[in-house]
Amino acid sequence: MKNFNRVLAAAVAVPVALGQVLAISASAFNGAVTEVTTADVKYVKPDINFPTSVDKDATTITFTQESNWNEVLNSKLASADGKTFTVDAKAVANTLGGSYYASLIKDVVNASENPTAEVSGSNVTITGTADFSSYVVPDLKAKFAEQGYGDLELNTDNMKASYTASVKADLANAKEAALELTLTAGGKTYTATTVADYLDAIYDDLSAQLTKIATDKGVSAEDAAELANIGGDIKNKAAGLRDKIKLVQDANFAAKSYDTADQVVAAAINYAVKNNIASAAKLPNTVDGLVAKYGTTFNTAVDSLNKSLADADVNVKISVTASDLAALAKDGSDFTVAAAGGTYTVEFTIPDEEAAAVEEYAKAEVAKLNLDKTVKEVNTKKTVSATVSTNGVVGFDVDRAVEVVLEDKATTTTTTTTEDPDNPVTTTTTTEDPDNPVTTTTTTTEDPDNPVTTTTTTEDPDNPVTTTTTTEDPDNPVTTTTTTTEDPD
């Protein structure tokens, strides 16, 4: 089967693309058209999750804010339950990305003449019948005729399968979705992990028919071998498919770091090539290259969905293009990629458009705590996390790590001078130190006709109140100092 050779080359974009596909289950409500954009997916509220209590001696405050993109989309997709839209299911399937499961769904749907897509809540179900005979039977018939044996009559019933391909999600409660596929043919049901068994069944059926026909028609051994080679392509595809399933399921490597999305794509392709998936070498190894190759397909699918939504009087428009998804990946930095047990994880940092709002929120929250501290700086890091698993589960999340750096309030000294020509000049100095609860107030009164009097009062909540009065008489060298101690207890 000629299209069963895709690899996981664009894992970064898969979950985002999936999120947009889910958006076709949109709510039909009165009012203006609601747009669904990539901003819905990557937005993280800037004013949530500040700690309810903070140690008074803390020098930093850290907390995490998570995107609620799933709830936002779910609120927009609320009331389309049970609607069946006239949707180009092939275009929908072709937006599912490059994972094994997604590629398999594409191949099955693209082999169909009559797929339909039904939307229920945040689930999309594509059903139809696929005729896989088109992959091999024309070549067999042509070769049979070329060999001079006339028209090749084959029973292709086993190559016709009914299928259900679905994207299931509970957007109200989760940020993941499951891709599922079942094929029913010849009285048996196959899943994505056993589809190679179906290919074997096709081969076995064809092989038995060709052997009988070769005997009945007196086909030469050489000609029979040529026919067998054509039919054997299915057997080879089955073996190749098993190898690919094993490759993605057995993948297990520690997190590797990359600076850009282009490096991630190139590494994924190199990984596939090194593991004997030669066709991977033909894939573009940059984000822009992938957009150039597959972008039109994605954009066509979105246009088809928007037309279907409009025809169904659903007031939602998906304003997302392949270039938007590429921009999200290209804006990323500090990529890490890991695999374990058939689950691939990609994390990367994206620019934080809400950083200024987060800083204002943090300052306001710190001010409420009465910590005798102020905010020195606020650092944010916005991270995208994407997972693609060989069991068909795809996850996507965005969160923000916030670090609030604190510093002590600076010691404040306020000096007030009152000048009155009819009265003495009075200067009052008050010093407040946030690290010391003692408040010292010094009052100096200068009167040209009288001695200078300085009064210092020290108030300490843990000690008695002490008042010291010093009188200096410029006309008399005598200095008088009086100290009064009042114990508040």
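Looking only at region 264-291, residues that are under 20 Å from Phe335 (Cβ atoms) and among the hydroxyl-bearing types (Ser, Thr, Tyr) come to 2 in all.
For region 366-441, give me every one of the strands (runs of 3 or more DSSP E) that falls completely inside it and has 1 or more residues that are at pLDDT 55 or above and in contact with a helix residue (DSSP H, G or I) (Cβ under 7 Å, 6 or more places away or on another chain).
Working: elements: 373-389, 393-408, 412-418, 425-433.
Passing ranges, in order: 373-389, 393-408.
On inspection, Ala80 does not qualify as modelled with pLDDT of 70 or more and outside any helix (DSSP H, G or I). When we screen Thr191, Thr156 for residues that are of a type in the set (Val, Ile, Thr) and under 37 Å from the mean Cα position of the chain (by Cα), the only hit is Thr191.
No other residue among Val287, Val264, Val291 is crowded, with 21+ Cβ neighbours inside 10 Å and in contact with a strand residue (DSSP E or B) (Cβ under 6 Å, 6 or more places away or on another chain) apart from Val264.
With respect to the conditions (1) over 15 Å from the mean Cα position of the chain (by Cα); (2) exposed (fewer than 14 other Cβ atoms within 10 Å of the Cβ), Pro351 falls short on a single one, namely (1).
Given the condition modelled with pLDDT of 80 or more, touching a Pro at 6+ places or on another chain (Cβ under 9 Å) and farther than 30 Å from Pro284 by Cβ, answer yes or no: does some residue in region 30-48 qualify? So far as region 30-48 goes, no, none of its residues is modelled with pLDDT of 80 or more, touching a Pro at 6+ places or on another chain (Cβ under 9 Å) and farther than 30 Å from Pro284 by Cβ.
The set of residues in region 146-192 that are hydrophobic (A, V, I, L, M, F, W, C) and without any contact (Cβ under 8 Å) to a residue 60 or more places away in the chain comprises Leu154, Met159, Ala161, Ala185.
Residues checked against (1) modelled with pLDDT under 80; (2) assigned by TED's automatic domain parsing to the domain that holds Val136; (3) surrounded by fewer than 16 Cβ atoms within 10 Å (Cβ to Cβ); (4) of a type in the set (Ser, Thr, Tyr):
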{"position": "Gln209", "(1), (2), (3), (4)": "no, yes, no, no"}
{"position": "Ala221", "(1), (2), (3), (4)": "no, yes, yes, no"}
{"position": "Ala224", "(1), (2), (3), (4)": "yes, yes, no, no"}
{"position": "Ile230", "(1), (2), (3), (4)": "yes, yes, no, no"}
{"position": "Lys235", "(1), (2), (3), (4)": "yes, yes, no, no"}
{"position": "Ala239", "(1), (2), (3), (4)": "yes, yes, yes, no"}
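Each row is one residue, and each column tells you yes or no for (1) among the hydroxyl-bearing types (Ser, Thr, Tyr); (2) crowded, with 18+ Cβ neighbours inside 10 Å.
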site: Gly148; (1), (2): no, no
site: Leu152; (1), (2): no, yes
site: Lys168; (1), (2): no, yes
site: Ala177; (1), (2): no, yes
site: Tyr190; (1), (2): yes, yes
site: Thr194; (1), (2): yes, no
site: Leu199; (1), (2): no, yes
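The values are calculated or read from the model by the stated rules, or taken from the named source; none is laboratory data. The structure presented is a predicted model; accordingly, all values stated were derived computationally and were not measured. For neighbour counting, all protein chains shown are included, and Cβ atoms are generated from backbone atoms with ideal geometry for every residue, glycine included.
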